[in-house]
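Below is one structure, written out as structure tokens; comments come after it.
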Amino acid sequence: MIASYKVLSAGGSGPDSDIAAAIVQAADAGARVINLSLGGYATTQTMRDAVAYAWGRNAVIVAGAGNDNTSDKFYPAALPNVMAVGATDANDARSAASNFGDWVTLMAPGQNIIVPKMGGSYGAVSGTSYSAPQVAGLAGLILSGNPSLTNQQVVDLIVSNVDDLGAAGRDSTFGYGRINACKALKAAVPS
């Protein structure tokens, strides 16, 4: 099942309480993966509680790291138990706008991503709002092949099967590295 929750206005803003309510509602509905392609540079206890609740209900929580080329923490991505996703370009370099820092978990392609547009056309978009759903989609694929996994096991499978970029191991530019769906799926579902 895929569900969509509208929590932001047409202008792209909304209170943490609306976002938190949607997280709780999704967790109560049995969501195993929650993608949050939104955020800001402050957080609230309400948001912290909602993320902790969803994690406690066995949901994998993924969020975009933001698009301001800064190491400042971006929420909800920087909260505990959230996979904070930065963006890479076609050359596996950090996308120029992608946020970075020791709080970023990993990277996924997020520059010049081709998506459907209104009116039936397609166009290129960039940002961590497009890299985070790729990680969420990978989590969903892993769970479809092995639904008995816990959220922590899914996170560990994704993180331990990245392609390491930059300095060896986790670094503040790329986190653990860029996702590798093939490696992660083979590790999750060996057959």
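The values are calculated or read from the model by the stated rules, or taken from the named source; none is laboratory data. All of these numbers come straight from a predicted model, not from anything done at the bench. Cβ: placed from backbone, ideal geometry, glycine included. Neighbour counts: every protein chain shown. For the accessible areas, the whole protein counts, side chains as well, though only heavy atoms, and no ligand, DNA or RNA atoms are used. Shrake-Rupley method; radii C 1.70, N 1.55, O 1.52, S 1.80 Å.
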### Message
Could you work out what % of the accessible surface of the chain is carbon and sulfur, using a 1.4 angstrom probe and leaving DNA, RNA and ligands out of the count?
### Response
53 percent
#### Entry: Dipole magnitude of region 95-182, debye to nearest 20 (Cβ charges: Lys/Arg +1, Asp/Glu -1, about Cα centre)
280 debye
### Kirkwood Rh (inverse of mean 1/r, distinct Cα pairs), region 57-129, angstrom
12.7 Å
#### Entry: Net charge contributed by nearby residues that have their C-beta within less than 12 Å of PRO76 (K/R +1, D/E -1)
0
### Message
Could you identify which residue out of SER172, SER148, SER129 has the top mean-square fluctuation in a GNM of the chain using Cα springs shorter than 10 Å?
### Response
SER148
### Task
With the Cα gyration tensor of the chain in hand, give its eigenvalues times 5 under a square root as the equivalent ellipsoid semi-axes, listed largest first in whole angstrom.
22, 21, 17
### Task
Could you tell me which helices of the chain pass both thresholds, a Cα extent of 15 Å or more along their own axis and a mean Kyte-Doolittle hydropathy of at least -0.5, with helices taken as whole DSSP H runs?
16-28, 45-56, 128-145
### Summary
Taking Rh as the Kirkwood radius computed over alpha-carbon pairs of region 1-106 and applying Stokes-Einstein at 4 °C with viscosity 1.567 mPa s, one gets a diffusion coefficient in µm² s⁻¹ of 92 µm²/s
### Task
Using a 10 angstrom cutoff on alpha carbons, build the Gaussian network for the chain and name the most mobile of PRO76, PRO15, PRO133.
PRO15
### Message
How much of the DSSP bridge set in the chain is antiparallel, in percent, rounded to the nearest 5?
### Response
40 percent
#### Entry: Mean Cβ count within 10 Å, highest first, over the residues of peptides 149-156, 174-181, 115-122
174-181, 149-156, 115-122
### Query
Given a 1.4 Å probe and the protein chains all in place, what does the accessible area of ILE142 round to, in Å² to the nearest 10?
0 Å²
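Just need the relative contact order of region 12-171 here, percent rounded to a whole number, with Cα pairs under 8 Å and 6+ apart. All intermediate terms of the calculation are to be shown ahead of the outcome.
On the way: 304 pairs, mean separation 33.2, N = 160.
Normalised by residue count, the contact order of region 12-171 is 21 percent.
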### Query
Taking the chain as a Gaussian network, Cα atoms linked when under 10 Å apart, which of ASN99, ASN81, ASN91 shows the biggest mean-square fluctuation?
ASN91
